[in-house]
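Heads up: the structure comes next, in structure tokens.
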Amino acid sequence: MKAAFYECDVTPPLGDIMFGNAKPTYATDVVAPLYAKALVVEDAGEAAAIMVVDICQIPTDMHDIVTKRIYEYTGRPAEKVCITSNHTHEGAPAGNDPVGGGHVDPAYEDVFYRRCADAVILAYKRLDDVEIKYGTSYAPGIAFCRDFLLKDGRMFTHGRRKYDLIERPISDPDESLPIVMFERNGESIGAIINFACHQDTASKVGYSGDYSSVLSDILKEKYGHNFVSFFLLGPCGDVGHVDPNPEHPIQHAPEIARKLSEYFENSVADLKPVTEGGVKSVKEYVDVNRRYFDDQSLLAEVTRIATDPNLGNVNRIKRMMTYVNSNPPASTPLPVQCIKIGDVLIVCLPGEIYSAFGKRIKEASPYDKVILVEQSNYGCGYIPVKEAFVPNCYFYETSLAPASCFAPDAGDVLTKKAIEIIKKI
């Protein structure tokens, strides 16, 4: 089997917006350079590529623009390429933020897309024989569910302020830490590292890939400057780094990266060779319905938000009206992709998908070695569980907005499609 990594610096000029924050936030520093990182794997003429970039989410036009350039240079079609975001809230300013009002510099965006494609193109040029090993560690005490059922039946996002009222979190975070190590002539050249915890733990002062940037620096010190830490974010639409217990300190990027590096190092000696089985990539699209409000139901929802003390937030109304006034389509085709590397399966889903869907996919998969990746190929916002769309739910992630606009069954539809592709692949 052949493989290669490549990383391109995509750090923008100072002063551009960093998407994913409650209000427009502009970079005044570079805490850590931003990268587009690519991994290409090939066996018997079949190849697949994954590119992960330091950005909050994939802009809607990015997939087609980047995969077109990759095809022009390599002849590899779009269905063999996955483009994913590590969801840093201090990342590259590509695409627009209709609520926050931030817009990217078109000159930078053009260079950004080309550099992202170039990471994949340059990885293709460097394919060489590798040995691949796999193992799964666990990383407890880092990720916490951030959506809670209270004792009175209501459901809220972020539990520190209501800690004494919490009945239980709505889900348990997936604390697994799958690792795929790539070696060439006995030397480690890079590793896939997969973990599910929101990347919103950094300073908000300057550009940064959040805790995955710090983790990369730590591993480069261990394995050399050319070692590529290929971080893929697991399903964590409802999972963050804040322990709901207010007596426990909140961990930030340095502490999280240090813990992940320790768990990584402790498992390296136990990694086992990946079973030969070829490389295959399947990407399919499934129509997913959006939420719809007629004039009467829209008025009722605005009234509910304005009069409910738990929702009385002008920003919620602003986000909702921004979405409604954009005249969205009734449904959108969303991509689901599965990439097989030997007996390792990588399942790539769009949006900020809730952790429960990842667990369903793992349980239904005939593969033991499964890596789940959110924010892939299309930025479609939050995909909560269907049970959250009830009147007594006050989750941030279910409030109608450009970043939360799909029907309650969206996660079920995407999960079903993923399981279909797994069986097919």
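The values are calculated or read from the model by the stated rules, or taken from the named source; none is laboratory data. Because the structure is predicted, anything quoted here is derived from the model rather than measured. With ideal geometry, Cβ positions are generated from the backbone for all residues, glycine too; neighbour counts draw on all protein chains shown.
Things to note:
- Subset of the range 182-213 that is outside any loop (DSSP other than H, G, I, E, B) and touching a helix residue (DSSP H, G or I) at 6+ places or on another chain (Cβ under 7 Å) - its residue that is surrounded by the most Cβ atoms within 10 Å (Cβ to Cβ): Tyr211
- Count of the range 79-89 residues, restricted to those that are closer than 15 Å to Gln375 by Cβ and not in a strand (DSSP E or B), is 4.
- Yes/no for Gly234 being modelled with pLDDT under 95 and touching a strand residue (DSSP E or B) at 6+ places or on another chain (Cβ under 7 Å): no
- For first residues located in the range 254-283 and on the phi > 0 side of the Ramachandran plot, partners that are among the polar types (S, T, N, Q) and part of a loop (DSSP other than H, G, I, E, B) and lie 6+ apart or on another chain with Cβ distances below 8 Å do not occur.
- Within the range 9-30, considering residues that are modelled with pLDDT under 95, surrounded by 19 or more Cβ atoms within 10 Å (Cβ to Cβ) and of a type in the set (A, V, I, L, M), the one farthest from Ser216 (Cα to Cα): Ile17
Matching residues to (1) charged (D, E, K, R); (2) modelled with pLDDT under 95; (3) under 30 Å from Ile166 (Cβ atoms):
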residue: Leu219; (1), (2), (3): no, no, no
residue: Gly224; (1), (2), (3): no, no, no
residue: Phe227; (1), (2), (3): no, no, no
residue: Phe230; (1), (2), (3): no, no, no
residue: Glu247; (1), (2), (3): yes, yes, yes
residue: Ile256; (1), (2), (3): no, no, yes
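- When Pro309, Pro328, Pro350, Pro333 are checked against the criterion of being under 19 Å from the mean Cα position of the chain (by Cα) and part of a loop (DSSP other than H, G, I, E, B), Pro350 stands alone in meeting it.
- Selection over the range 38-55 of residues that are within 18 Å of Gly20 (Cβ to Cβ) and either surrounded by fewer than 24 Cβ atoms within 10 Å (Cβ to Cβ) or in contact with a Pro (Cβ under 9 Å, 6 or more places away or on another chain) (or both) gives a count of 2.
- Taking the numbered list (1) over 19 Å from the mean Cα position of the chain (by Cα); (2) at pLDDT below 95 in turn, Lys204 passes all entries but (1).
- Flag if Val228 is β-branched (Val, Ile, Thr), within 22 Å of Cys56 (Cβ to Cβ), touching a helix residue (DSSP H, G or I) at 6+ places or on another chain (Cβ under 7 Å) and touching a residue at least 40 places away in the same chain (Cβ under 8 Å): no
- Filter result (hydrophobic (A, V, I, L, M, F, W, C), outside any helix (DSSP H, G or I) and out of contact with any Lys or Arg (no Cβ under 7 Å at 6 or more places or on another chain)) within the range 251-281: Ala269
- Residues of the range 381-394 satisfying the condition of being touching a Phe, Trp or Tyr at 6+ places or on another chain (Cβ under 7 Å) and at pLDDT below 90: Tyr394
- Evaluation of Pro77 against (1) crowded, with 17+ Cβ neighbours inside 10 Å; (2) more than 22 Å from the chain's Cα centre (by Cα) (one fails), failing number: (1)
- Selection status of Arg126, in contact (Cβ under 8 Å) with a residue 60 or more places away in the chain, not assigned by TED's automatic domain parsing to the domain that holds Gly237 and not small (Gly, Ala, Ser): no
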